[in-house]
Amino acid sequence: MSGVLQEKVAVITGGTSGIGLAIAHRFVREGARVFVTGRDAHRLEEAVAELGPAATGVRADVSVLADLDALYERVRDEAGRVDVLVANAGIVADASLGAHTEENVDLTLAVNVKGTLFTVQKALPLLAEGASVLVIGSSNSVRPNEDLEIYSASKAALSNLVHNWSRRSRERRFRVNVLSPGPTRTPALVRATGGEADQFAEAFVPLGRLAEADEIAEAALFLASDASSFVTGAELFADGGYTRA
Ligand code: NAP
């Protein structure tokens, strides 16, 4: 059976948990060869085992530029190109004004902004003609959360960067879009909210619930595949209406 990503090479940073792992599973089901990354070697091994032979795991921290160089060297040697890049790795290490520390600000910006920027920049020489680049943003880019203000600002920065990058879509022969999930049931969300996320979603998300990571993966598949061939520079909110409430 052939899928919409048959023969495509996809790189998914942070592909060992939550949204990134769900995207990796969805892409594999559509015939893609996927490279997934993460920092934790054990989690990486588990993800590759569950994804099967179409997956390769590469230990890489997106905030360490030498790790990104090693990642793309491996992709070049083993697959020769990138058709779909999902810059998904991101963290929440945050506070609100009055409680910030230099450490939480540096870490959030290093992973979410610097890491995403160099994930995309260092992929440029490998991007195939017509490649699709997806940056995973957040509904917090336009509806900031006051307890997550550096996180929210980091995601707004990504939307802004993608706005610029998309202007060069023709010369670079790529499409680049932001996929911004609303609150989504993942290990990160459970860690950040201590299990209160369901009540939050019921109160504040127009659809009245959290997203499942698989639902975000469906939106990612749309942006990755030719179904979105005329879409570049967009920010797709898969957020149950959260940014409209
Ligand atoms: P998650 O379950 O914690 O997964 C995060 C993934 O990123 C893991 O594979 C993690 O593996 C990896 N990662 C973290 N830091 C990394 C780094 N420095 N370098 C490389 N990999 C790293 O989180 P998630 O909820 O799926 O979030 C994924 C993305 O969706 C993030 O960008 C997040 O901001 C965004 N998002 C999530 C929600 C939500 O409600 N869940 C909503 C909007 C947007 P290691 O820890 O092993 O590195």
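The values are calculated or read from the model by the stated rules, or taken from the named source; none is laboratory data. Every value quoted in this text rests on a predicted model; they were computed, and no experiment measured them. All Cβ positions, glycine included, derive from the backbone under ideal geometry; neighbour counts span all protein chains shown. For accessibility, only protein heavy atoms count, side chains too; no ligands or nucleic acids. Shrake-Rupley method; radii C 1.70, N 1.55, O 1.52, S 1.80 Å.
Annotations
- Search result, residues across the stretch 129-148 that are out of contact with any strand residue (DSSP E or B) (no Cβ under 6 Å at 6 or more places or on another chain) and of a type in the set (V, I, T): V142
- Helices (runs of 4 or more DSSP H) lying entirely in the stretch 124-202 (those with 3 or more residues that are more than 13 Å from the ligand (Cβ to nearest atom) and more than 16 Å from the chain's Cα centre (by Cα)): 149-166, 169-172
- Qualifying residue in the stretch 101-118 (condition: assigned to a loop (DSSP other than H, G, I, E, B) and open to solvent by 50 Å² or more (accessible area, probe 1.4 Å)): yes
- So L71, is it in contact (Cβ under 8 Å) with a residue 24 or more places away in the chain, more than 9 Å from the ligand (Cβ to nearest atom) and farther than 19 Å from A213 by Cα: yes
- Every residue from the stretch 212-245 that is buried (at least 17 other Cβ atoms within 10 Å of the Cβ), touching a residue at least 60 places away in the same chain (Cβ under 8 Å) and in a helix (DSSP H, G or I): A213, I216, A217, A220, L221, L223, A224, S228, Y242, T243
- Inter-residue pairs, beta-carbon under 8 Å, first over 9 Å from Y151 (Cα atoms) and in the stretch 104-115, second assigned to a helix (DSSP H, G or I) and open to solvent by less than 10 Å² (accessible area, probe 1.4 Å), 6+ apart: V113/S154; V113/L158
- Among (1) within 16 Å of P183 (Cα to Cα); (2) surrounded by fewer than 22 Cβ atoms within 10 Å (Cβ to Cβ); (3) of a type in the set (F, W, Y), the one test that Y151 misses: (2)
- The test for being modelled with pLDDT under 95 and open to solvent by 70 Å² or more (accessible area, probe 1.4 Å) does not hold for R209.
- Answer residue from the stretch 1-19, given it is within 18 Å of the chain's Cα centre (by Cα) and polar (S, T, N, Q) and is farthest from the ligand (Cβ to nearest atom) among those: T13
- Selected residue (only one of A32, A22, A54, A49 is more than 15 Å from the ligand (Cβ to nearest atom), farther than 19 Å from A227 by Cα, among the aliphatic types (A, V, I, L, M) and modelled with pLDDT of 95 or more): A54
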